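What follows is a set of notes on a single structure, which appears directly below.
The values are calculated or read from the model by the stated rules, or taken from the named source; none is laboratory data. All of these numbers come straight from a predicted model, not from anything done at the bench. With ideal geometry, Cβ positions are generated from the backbone for all residues, glycine too; neighbour counts draw on all protein chains shown. What goes into the accessible areas is simple: the full protein's heavy atoms, side chains included, and nothing from ligands, DNA or RNA. Shrake-Rupley method; radii C 1.70, N 1.55, O 1.52, S 1.80 Å.
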Amino acid sequence: MGTREPKFYWEDFPVGETVEFGEKHVTKEEILEFASEFDPQPFHLDEEAAKQSILGGLCASGWHSCAMMMRMMCDGYILESASLGAPGVDEVRWRKPVYVGDTLRLRRTCTERRPSKSRPEMGLTRFHIEMLNQKDEAVLTSDGWAMYGRRYPGQPVEE
């Protein structure tokens, strides 16, 4: 963000808004690189072992999918926002394997938001995130809260 004025503040995420963004093509090399460092299970590292597994082929670690989701969120809006971080993620579900050659994108829906009671300069926003592959299948879903600076700190909120 630097010294630039943020494009998005808490007020810019209305409840019910759904937006899609990002595009990430998944390569064999990055699956192997991530798995070898962070999740060295055979179905993430060895094509033959992966074919013999219930996954049916080499696929990305679920944690790799989460990392790709975070990168697409940063590129899609977080780095242009008044982001103040997040208190945590309530749920992540790995719905389908992410295979070599998949092209991923995100769908973000704002499900809830509220101003902070203790910090008038901040608001909290709850998002439901879906990571979709090129077949429009949800491969990952996530729900959690994020904190954003308010454009108009302390002003009453109209919904």
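See the values below:
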read-out	value
Some residue of the range 91-107 being modelled with pLDDT under 95 and under 20 Å from Val19 (Cα atoms)	no
Filter result for Met69 (within 13 Å of Val98 (Cα to Cα) and either surrounded by 17 or more Cβ atoms within 10 Å (Cβ to Cβ) or of a type in the set (Ser, Thr, Tyr) (or both))	yes
Some residue of the range 28-38 being hydroxyl-bearing (Ser, Thr, Tyr), farther than 23 Å from Asp102 by Cα and free of Cβ contacts under 8 Å to residues at least 40 places away in the same chain	no
Residues (charged (D, E, K, R), part of a helix (DSSP H, G or I) and more than 30 Å from Trp145 (Cβ to Cβ)) located in the range 22-79	Lys28, Glu29, Glu33, Glu47, Glu48, Lys51
Flag if Glu5 is of a type in the set (D, E, K, R) and not in a loop (DSSP other than H, G, I, E, B)	no
Which listed residue is within 27 Å of Arg150 (Cβ to Cβ) and of a type in the set (Val, Ile, Thr), from Thr111, Thr103	Thr111
Any hit, the range 48-66, residues being within 21 Å of Arg105 (Cα to Cα), of a type outside the set (D, E, K, R) and open to solvent by 50 Å² or more (accessible area, probe 1.4 Å)	yes
Boolean, Gly57 is within 23 Å of the chain's Cα centre (by Cα), at pLDDT 95 or above and not aromatic (Phe, Trp, Tyr)	no
Ser81 being open to solvent by less than 50 Å² (accessible area, probe 1.4 Å) and at pLDDT 95 or above	yes
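Okay, residues lined up against (1) out of contact with any Leu (no Cβ under 6 Å at 6 or more places or on another chain); (2) open to solvent by less than 30 Å² (accessible area, probe 1.4 Å); (3) in contact (Cβ under 8 Å) with a residue 24 or more places away in the chain:
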position	(1), (2), (3)
Pro97	no, no, yes
Asp102	yes, yes, yes
Pro115	yes, no, yes
Lys135	yes, no, no
Trp145	no, no, yes
Pro156	yes, no, no
